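Rule-based calculations on the coordinates, nothing more; no lab input. This one's a predicted model, so the numbers in the text were calculated from it and none came from an experiment. Every residue, glycine among them, receives a Cβ derived from its backbone with ideal geometry; neighbour counts consider all protein chains shown.
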Amino acid sequence: MADADLLIGEVAAYLKPQDVEHIREAIEFSHAAHQGQTRQSGDPYISHPIAVARTLTTLHLDVQAIIAALLHDVVEDTKITAEQIAEKFGKPVAELVDGLSKLDRIRFETREDAEAENFRKMLLAMARDVRVILIKLADRLHNMRTLESMPHEKWERIARETMEIYAPIANRLGLNDIYRELQDLSFKHLHPNRYAVLFKALKVARGNRREVVGKILDAIRQRLAEQHIQADVTGREKNIYSIYKKMQSKSLAFAEVLDIYGFRVLVNDFAACYLALGALHGLYKPIPGKFKDYIAIPKVNGYQSLHTTLFGPFGTPIEIQIRTHEMHKIAAAGVASHWLYKSGHFSTNDLHKKTHQWLQELLESLSQSSDSSEFLEHLKVDLFPDEVYVFTPKGKILSLPRGATAVDFAYSVHTDIGNRCIAVKVNHELAPLRTELRNGDRVEIITAPHAKPNPAWLGYVATGRARGHIRHFLKTMQSGESAQLGERLLNQALQTLGVKPQDMDEAHWDKLLKDTGVKSRQDLLADIGLGRRLNMVVARQLARVGDAAPSETAANTVITIQGTEGMAVQFAKCCRPIPGDPIIGVIKSGQGLVVHTHDCPALRKGRSGSEQWLDVVWDKNITRPFEVGIKLVVANQRGVLAKVAAAIAEAESNIENVNFTNEGEYTALHFTLQVNNRLHLANIIRSLRKIPEVMRIIR
Ligand code: MN
C-alpha cells in the first residue's frame, strides 16, 4: 500500500504523533473492512478512501476528518456498524461518518435549475458540520477522477450532478482548486469530444505562448523589484471549462479566449497589494472599467484579491490578480483554510464553536465593508438554516420552516391536499401527521375524498399558510354544518306549527331578518344549529303565528341523527352514545346539539334551565364508526392484554386508546374502541367474555 505510506507521510507533516498513530489504525481498520471489495477499475477498494483522505491532507484537515474519510464507506458497504466506529474511534468520528451516509442516501433527480439551488442548500443543511461537506467533496472528486472506469451510461448523471450540485458548493465554500477540477472532469464526461478538441488546442497554444509569457513575466518582476516590492509572480492557466464557458457566453473563438494572458502576484502584506497595483499600472496601461477591488469588498465566499486587466506589449490583454499569501491560502482552500492555517495548536471542540470561530476570524480579517455582513448572512443561511428541505414524491424539493410538520407540507403542496390529508408516509413509512420533518425526508401525503381538517392540527402546524387554511375551513365548515342542522330544526318546528316550510317565501324571510337584525338567512340558521336561538321561537316569528307558548306537540318533534353532521352535532363524552342506544339531544347555547344516552348520569345531574331538550333518534343507515368506552377487570396474568387485543381485532374493532389501573389482585383495562353500533359492541363483549382471565366487563 504505497498510497497509504504517502498518506502517513502527509499527515505526519502537520499532525501530532498520536494522531498519526490513530490514522494508521483507521487505515488498517478500513482495509480489513473492505477486504475483498474492488473498485470498478479493479483496484482494491481501500485505494478510494485513502485517495479521499489524501485530498483532505492538502487542506490540513484535522485527525477526526481524516479518519472519517478513511471510514466513509464502511457503514454503507460493509458489516461494520456506527456503534463499532464510535467505540473504536470516538463519537465525533462516528457522527461525521453518519453525516456522510445520510448525504449518500439522497439523490438529485430533477433537471430544473431552481431545484439545484434547493438541493445544494439541502446538502449543506444536512451536513451541519462543514467537515462532512469537505469529505463529501473529496469523495466526489476521487469518484470523478475515476469515472472513466464506470459504465458509460452512468457518466451523464454523475457528471451533471457534479456540475450542478458539487462544483457550486465547492465554489461557495471557496475551495477553488477542487471547484475547477470538478468542473473540468464533469465537462470532460458530459462533452467528451468538445473536451478533447479544447485539450489538444490548449496544448498547442501553450507551446506558442511560452515566449510571450516569459517576456511579460520578466517585465513584471523587474518593475516590482525596482519599486522594492517583494513578490512571487507566476503565469496562470485557465481551466478548460472556463475557456469553454467564455467562448460560449461571449461567442469568442478559441484563439480570442486564449489571447488573454493571466498572471498572479503574491505579496507579503495588504499595503503591498496596492503598491504593486500602482507599479503595474505604470508598466502597462490599464483597460478602463476592468479594475476590481475584492480586498475592500470580498466575494461572498471570502475571496480577496485585486483584479486588473492591462494592455500588454503586443496589444494583448493581460489579466492580473494581486493578493497577499494569506489571502491566497483562503482563495485556494476557502472554508478549509481555517484548518490549513491553525492546525497543530487547535483544540477539537464542538463544531458550532469551530465554525463560528472560523467565521469570526475571517470576518475580522475582512475589511469593514458593507459586504461582510452579507457574507456572514450567506454562511448562516447555508450552514445553519432555519429551514428544512424535503422531497415530494416526484423528487421536487420544498423548503419549509424548521419545525414544520406533515400537515404544513400538505398545505404547501396544495390547499386541497391539506384539507383532505389523513395520513403521511415519511421515507416510505407511515407516520403521524404531527411528525416534524427533517432535511432530506421524502414525504408523501395520503388523502381521502371526504376528509376534513382537524382542529387539533392547529396545535402543531408551524406555517402561517397551514394555520390560515385550517382556521378558514373550520369556520366555514362550522357555520355551514350548523346552518344545515338549523334548517332541519326550523323545518320541524314549522311543521309542528302546521306550517309548510316551502310556503315561507322571500317576503317572510326578509321581514324575519329585519326583525331579528341578523345579516343573512345562513347566519340565522347557523344560530339555530348552534343553539343560540330556539327553533320554535324563530319558527313562530317566521310564520307570524303569535306568541303562544310552544304547544306540547313541539316537544314531541323528533330529529334524526345521521352521524355526518360534523361539528354541529357532538356526541357526549360522558356517556359516548352509539347507534342503537336510546338517545336524547340537548341544545346548549353556543355548543349546538349534544347527544347523550337516555340514562346518562351526567345529564340528569347537570340539568339547568338554559338548555333545550330534543327528542332525537338514530338514522337507520349510519356507517361511520363511533367511539365507546369499556372497562375490563382482568386477572393479573401475563399475556392477558394480548389476548384481549386479539379478541377485539377479531371482532373487527379498533382500539383507539387503552389505560391500566391497578385494583388489588386485578387489573382494570380502560379501552376506547371504535364500533359501528350496539350490536357490534355486543359481539365484541361476547367474545371478550370467552377469555377466562376476564372477570368483568362494564361499559
Ligand atoms: Mn466514497
Requested in this report: Evaluate the relative contact order of region 626-698 (contact order divided by residue number), counting alpha-carbon pairs under 8 angstrom at least 6 apart; express in whole percent.
Outcome: 47
Report summary line: For the chain, longest principal axis from Cα atoms; helix 152-161 axis from its Cα atoms; angle between them, nearest 10 degrees, is 80
**Report entry** Ratio of Rg to Rh over the chain (Cα coordinates, Kirkwood Rh, two decimals)
**Finding:** 1.17
Query raised in the report: Any idea what diffusion coefficient region 626-698 gets from Stokes-Einstein, in µm²/s, Kirkwood Rh on alpha carbon pairs, 10 °C, 1.306 mPa s?
Result: 131
Query raised in the report: Where Lys and Arg each count +1 and Asp and Glu each count -1, what net charge lies around Lys250 among other residues with Cβ under 15 Å from its Cβ?
Result: +1
Report summary line: region 2-195: Kirkwood hydrodynamic radius (Cα pairs, Å) comes out at 17.1
Query raised in the report: Relative contact order (percent) for the chain, with alpha-carbon contacts under 8 angstrom and 6 or more residues of separation?
Result: 7
Query raised in the report: Tell me, how many Å apart are the Cα centres for region 496-533 and for region 251-273?
Result: 85
Query - Percentage, to the nearest whole number, of Cα pairs in region 196-340 over 26 Å apart - result: 28
Report summary line: What helix-only [θ] at 222 nm does the chain give? Using -39500 (n - 2.57) per DSSP H run of at least 4, over all residues, to the nearest 500, the answer is -15500 deg cm²/dmol
Report summary line: Projected onto their principal axes, the Cα atoms of region 405-491 stretch, largest extent first, over whole-Å spans of 55, 23, 19
